[in-house]
């Protein structure tokens, strides 16, 4: 187990190294003269050249990358010239808020999707199942920005119970301290996931319901409710755990849309704004976070599944 | 209580009475009627065997008693009386109080029947907590007691194991403990040993017998295996197409078989004592479709003695002396009628050129297509008269087990560890052994689907194992394989015609029209109509698919055919059809074949010579008569002793001759003789030195320090 973790960590580091190299190179190709971006179109070529020389942007790309890695090891993610702030500080300020809203959306989605999926499996081909399946497909096909706009139109304009804009507080705990202001972003995030999760859970539960151990549980005289909670639930959730693990980085993308729609100052909004400002150090750091989340999400999912199902041995 | 019928409860001896039970299952817009008017009875302390083929309704009858019919299923008529209590129509909550408490069930596949994510102690304890309201520690103590009772070694330590940590036999013991834990009056065992090896099956069935007699429970044993019934049931119900064909005390039913179906079924089982020169009796056709309404006797379309009356009127149950009940208009007298054909054995098989079988019955050669197997075919087959067709030299195959160890020490599964044998032209070599002994790995290497770690397979003097992929390509025509699961080995999206044409097309044989003609010919050879060409695999029955599997293997006129468990997925009545076909094809074509099976009777019927495998090694080889008639290795003798013969009068092997326990892991095989850990005769020598294959007679070899024949002659 320890050996497994060490190996996984080593492999993860290699993956992250690869990601950072590719992204660094791509950004370099898009803009090989940060001085021009920072100083603007009207700056003289000499000033741009001076800036680049001063910050080392005139060196070969490999040297620049090695330098970047060296700073990265010291926790230095670079500097946003546009905002004149440390990228690390910028991210730290926004990451917590994004994480909390993503987590709230994820938990809400799971709380609804898991029981719904199991219910659909138990009552397969019933009216409940068909309606839920149809609704899932509609929601699945609905872009989240459209869903967000619809929610705003209904619950903020027609029946004004929730504000259209998310809380602007900088506290990461705003989901709990101001639930009313956060309701619409969280619901938007959750609803899009519910569709996928419920269908996934349904098919996983159907698989398990066909297994003999469910029949054995019935033959023991267990009531259906206990069969579901004691025997089915854990086995039927394992595939979903894996799915959620691989979906962790896409939560980041979900935030992108929702945060800009509800003007919520998190990582997503920071990324969008940085994109417009051509603030490459921030973009680079953001992409690296995506890589870290992908690697970490899969890793955590593997460990959780192995802990829940002892048939799986963690060995690499 | 419910003595309205008068016969339901006779002085407390009768435990279960099923009367005129009918079940239907709605599946979409089709209605299946798997059980049609079944009446059976079971006394206290007795075992009732329900025997039948797939779709006979035997399992559904068991599920109906449990009140666990599948979704869409319901009991349409009849009654189930358990100890004076009517179960049909019982409210769900009251049924639940009976399930697991008064009636319990043991399922077939213990791998899927145990929850993979729960500890076995919890699973065994669950019914006690549910029905007895026991506390957690009480239930745990009871589970430990039960696990000890079913023979699980060191039960206290095993309580916290997960199912996958136990072997198949041990898992089945846990299943039995789980069913027995509330001391039910009735245990329904649905194919409890079908997924197990024959030596383990014998132990599990003995355990069930033992528990029944010691604890006074009654049992319903649902199985397809007449041998299991003969040895372990007091009373038998033979089911066919949802009806009870015949029921009565076991000895009575086997001695005076009345129903034509039972008779045909018993005759079609290959036994260990049958004359190998005779064809197996086989029942033509396939069991009826259970969605259609039947008129007359359901067996009439397949029955040799059927008359117009059988086809028009359903035979009523007739009770004879001794409680023997049958439903047949023209009951048979006694067992097996002999309408078996003798096999025509062509004398000098080896020297015959391929493709010209001596039977004048059907053209098996390339026929009007003219092309036949072009290229390497007929020309090469002549001058190989000297030397064996297939020679296996010290073949080994290892593959990594799971992941690597910490540092370097990668563990390997030793699937095949040094096997050598020869197969002459026209000869059939049988490989028997329990699951995991490496016989299938060996089979794949014989036809070059897998490469050995070391050792060689030499075909017609050329080492196949060292050929380049390109050289192998054309040689593959001559080495073909027939697989066990024809459902999985036939591409579901290809029509049968395309499946049969494909090997010809790959080898560039003939034009498309010629290939189609060849496919039609092949189908005729395996006894299928040409209309099958346009069908998809799922439209065929299991037996038909297996015939297609054989036809495909024969398409390129191979010289060597390897058949891996060719009939183990088939029902008894279909199995004999395919076995006869294979035997005929072998004789007609002069094929060299290797038949791999766990079923000793199947191998005995098909093979001229036999090799017995244990944990990757051949422990005994010889002619079929030598190995089966005077087995020299204790393992072979144990295997033979474990097979239940379909004859209640057959002598039972003494318990000492049995092979105990389960095979050790092929990752760390025992030192010296690999069988010593399960061998009654093992001595210190066996642990130190590995016995080599040594001759007993000219053709009979055994790898044992204490071979059986010698021991006997000495005493």
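Read-outs: derived from the displayed coordinates by stated rules, not from any lab. Not measured: the values here are computed from a predicted model. Please note: Cβ atoms are built from the backbone with ideal geometry, for glycine as well, and neighbour counts cover all protein chains shown.
To the nearest ten degrees, helix B:512-525 and the longest principal axis of the Cα atoms of chain B are 50 degrees apart.
In this rough spin-label picture, where each label sits 7 Å from Cα along the Cβ direction, the residue A:169-residue A:276 distance is 2.6 nm. Please give the FRET efficiency for residue A:65 paired with residue A:299, using the beta carbon to beta carbon distance and R0 = 30 Å, rounded to the nearest 0.05. Calculated value: 0.70.
The long axis of helix B:198-215 is offset from the longest Cα principal axis of chain B by roughly 10 degrees. Residue separation of residue B:630 and residue B:536 scaled by 0.36 nm, minus their Cα-Cα distance, works out to 29.2 nm of gained length.
Peptide B:102-110 is shielded by partner chain Cβ atoms: per residue, an average of 3 of them sit within 10 Å of its Cβ. Simple spin-label estimate for residue B:27 and residue A:128 gives 2.6 nm between the two label positions (7 Å along the Cα-to-Cβ direction from each Cα).
The long axis of helix B:496-506 is offset from the longest Cα principal axis of chain B by roughly 30 degrees.
Set the Förster radius R0 to 41 Å, insert the Cβ-Cβ distance between residue B:319 and residue B:93 as r into 1/(1 + (r/R0)^6), and round the FRET efficiency to 0.05.
Details: r = 38 Å, r/R0 = 0.93.
Plugging the Cβ-Cβ distance into 1/(1 + (r/R0)^6) gives 0.60.
Note on residue B:167 and residue B:215: the model spin-label points, each 7 Å out from Cα along the C-beta direction, lie 2.3 nm apart.
How long are the three semi-axes of the equivalent ellipsoid for segment B:410-607, computed from the Cα gyration tensor as the root of 5 times each eigenvalue, in whole Å, largest first? It would help to have the intermediate numbers written out before the result.
Working: eigenvalues 143, 85, 49 Å².
Listed largest to smallest, the semi-axes of segment B:410-607 are 27, 21, 16 Å.
Separation of segment B:65-102 from segment B:429-482 is 53 Å, based on Cα centroids.
Grab the beta carbon distance between residue A:225 and residue B:687, set R0 = 60 Å, and tell me the FRET efficiency rounded to 0.05. Show your work: numbers first, answer last.
On the way: r = 55 Å, r/R0 = 0.91.
Efficiency, rounded to the nearest 0.05: 0.65.
Mean projected area of the Cα convex hull of segment B:504-616, taken over all directions, amounts to 8.2 nm².
Report the gain in length on full extension from residue B:289 to residue B:694: 0.36 nm times residue separation, minus Cα-Cα distance, nm rounded to one decimal. Could you put the intermediate results ahead of the total?
Details: separation 405, 0.36 × 405 = 145.80 nm, distance 5.37 nm.
That works out to 140.4 nm of additional length.
One Cα centroid belongs to segment B:247-267, the other to segment A:109-137; the line between them spans 51 Å.
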